[in-house]
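The values are calculated or read from the model by the stated rules, or taken from the named source; none is laboratory data. Predicted, not measured: the structure shown is a model, and the values here were computed from it. For neighbour counting, all protein chains shown are included, and Cβ atoms are generated from backbone atoms with ideal geometry for every residue, glycine included.
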Amino acid sequence: MKTWILALSAVLVMHTGAHADFDSCKEQIKAQAAAQGISAATLARALDGLQPNDALSFIGVQPEFSTPIWDYLSGLVDDERVIDGKQRFAEYRQAAMAAQNRFGVDAAAVVAVWGVESDFGNSFGSRPVIQSLTTLACIPNRRSDYFRHELMSALKIVDRGDVKLEDFKGSWAGAFGNTQFMPSTFLSLAVDMDGDGRRDVVGSVPDALGSTANFLRKAGWVSGLPWGFEVKLQANYRGPSGRGGKQDLSVWAGRGLTRIDGSPLSGSGAYGLLLPAGPQGPAFLVSRNFDAFYSYNAAESYALAIGVLSDRLKGGPGIVTPWPTDDPGLTRAERREVQARLEQRGYDVGGKHDGVMGTKTREAIAAYEQKNGLKRDGRAGKKLLAALRGGT
């Protein structure tokens with residue numbers, strides 16, 4: 001409801017003279033940017049004639065905050081991504097190891113960020129960064145000041161020639177490149193790893209991997225420390241939890257925790273107990289390296305996806321304990337199957353079988369559920385797929 005109200009407000013504003021307000025805001029931005037040394041030619045190319053896009057409608061609906069964690073992880077850390085990731089890791093092993101050697105950050109962790117952020121370079125986002133950030137800076141919202149700051153950074157990137165304006169595309173919020181840096185993060189932390197004299201996280205995988213390793217190091221990464229690992233709780237565990245309450249492994253062992261295979265806890269370092277779905281679901285002891293993942297995108301589900309994917313890229317088993325649900329999430333291949341089967345039945349899923357549960361697909365699912373007496377929530381889970389496979 002909140003997102004709908006924001007989007008409607010934006011539309012109403014645009015039909016009541018907000019074009020003038022938007023143009024006035026752009027002029028203010030030009031003046032502010034010029035005062036920071038950005039050339040008039042860059043500002044004219046970037047802002048003249050620019051109109052707002054749909055970026056405002058995405059505020060508050062990021063999947064890492066609005067999706068059940070078993071849905072979120074089943075799509076981000078599926079067998080398909082692991083296979084692709086191992087291939088890309090092998091292809092760019094030299095670059096990943098160079099980043100590890102320079103910054104002390106586990107190479108698999110860096111590759112895992114690449115996989116989650118852009119599917120190993122397959123999905124950068126298609127929205128022009130300058131247009132999105134100008135929209136978010138100029139149409140009033142609770143984060144306008146933040147997006148204005150990012151817009152200034154983005155204009156500097158174009159002005160310096162780090163990214164060509166026509167190639168400067170990314171997410172609705174302005175993140176761009178292989179590992180989806182925000183513009184201000186790029187300016188402060190991007191590095192040139194391929195030695196061509198440019199910092200290029202769009203066209204250079206080595207630069208993107210090195211820049212990501214630099215980010216994680218600055219976020220507090222400790223070389224040689226695991227990000228965390230899955231553990232087994234005693235039945236009816238009632239002890240403390242939360243990634244912030246870090247204690248020595250011996251303390252957790254004293255509370256009856258073991259590794260997931262039943263072996264005793266051993267080693268050193270401080271860990272917090274993460275229970276992303278409560279004590280009945282998977283449990284993890286997580287270190288400050290998990291917090292470094294969290295710094296990249298402030299959601300525990302996101303940080304867990306990075307950690308689990310990094311383990312699987314090194315041959316680990318992934319999460320062992322089942323999630324506490326009778327309707328688990330779907331892999332991307334299964335989500336594509338849902339879209340195909342819905343379309344075969346005459347439902348409009350937006351013309352793509354890409355595994356992305358966008359608005360059209362969710363509406364189609366809800367319509368199918370209503371017609372067939374299922375719970376109408378627009379969610380793609382195992383029960384929905386079973387119904388579709390069953391021919392109903």
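Here are the numbers:
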| item | result |
| --- | --- |
| Tally of residues being under 32 Å from the mean Cα position of the chain (by Cα) and either within 19 Å of Pro52 (Cβ to Cβ) or not in a loop (DSSP other than H, G, I, E, B) (or both) across the stretch 24-39 | 7 |
| Any chance Leu265 is at pLDDT 95 or above and not in a loop (DSSP other than H, G, I, E, B) | no |
| Residue match in the stretch 91-98 (condition: over 19 Å from the mean Cα position of the chain (by Cα), of a type in the set (Lys, Arg) and surrounded by fewer than 24 Cβ atoms within 10 Å (Cβ to Cβ)) | yes |
| Residues of the stretch 158-188 satisfying the condition of being closer than 20 Å to Gly115 by Cβ and either in a helix (DSSP H, G or I) or free of Cβ contacts under 8 Å to residues at least 40 places away in the same chain (or both) | Phe181, Met182, Thr185, Phe186 |
| Some residue of the stretch 61-73 being buried (at least 16 other Cβ atoms within 10 Å of the Cβ) and of a type in the set (Ser, Thr, Tyr) | yes |
| Within the stretch 296-347, considering residues that are under 18 Å from the mean Cα position of the chain (by Cα) and among the β-branched types (Val, Ile, Thr), the one surrounded by the most Cβ atoms within 10 Å (Cβ to Cβ) | Ile306 |
| Subset of the stretch 355-376 that is touching a helix residue (DSSP H, G or I) at 6+ places or on another chain (Cβ under 7 Å) and not in a helix (DSSP H, G or I) - its residue that is farthest from Thr67 (Cα to Cα) | Asn372 |
| Selection within the stretch 189-236 - closer than 15 Å to Gly307 by Cβ, of a type outside the set (Ser, Thr, Tyr) and assigned to a helix (DSSP H, G or I) | Leu216 |
| Residue in the stretch 49-66 that is of a type in the set (Ser, Thr, Tyr) and assigned to a loop (DSSP other than H, G, I, E, B) present | no |
| Residue, nearest to Pro68 (Cα to Cα), within the stretch 254-295, restricted to residues that are surrounded by fewer than 21 Cβ atoms within 10 Å (Cβ to Cβ) and of a type in the set (A, V, I, L, M, F, W, C) | Ala277 |
| Checklist (1) assigned to a helix (DSSP H, G or I); (2) among the aliphatic types (A, V, I, L, M); (3) without any contact (Cβ under 8 Å) to a residue 60 or more places away in the chain applied to Ile306, failing item | (3) |
| Residues that are crowded, with 24+ Cβ neighbours inside 10 Å and out of contact with any strand residue (DSSP E or B) (no Cβ under 9 Å at 6 or more places or on another chain), drawn from the stretch 118-133 | Leu133 |
| The listed residue being touching a helix residue (DSSP H, G or I) at 6+ places or on another chain (Cβ under 6 Å), aromatic (Phe, Trp, Tyr) and either at pLDDT below 95 or within 21 Å of Val111 (Cα to Cα) (or both), out of Tyr302, Tyr296 | Tyr302 |
| Out of Leu233, Leu225, Leu216, sole residue that is more than 22 Å from Lys164 (Cβ to Cβ) and either of a type in the set (Ser, Thr, Tyr) or touching a strand residue (DSSP E or B) at 6+ places or on another chain (Cβ under 9 Å) (or both) | Leu233 |
| Residue ID - farthest from Asp78 (Cα to Cα), chosen from residues in the stretch 326-351 that are touching a Gly at 6+ places or on another chain (Cβ under 8 Å) and part of a loop (DSSP other than H, G, I, E, B) | Gly350 |
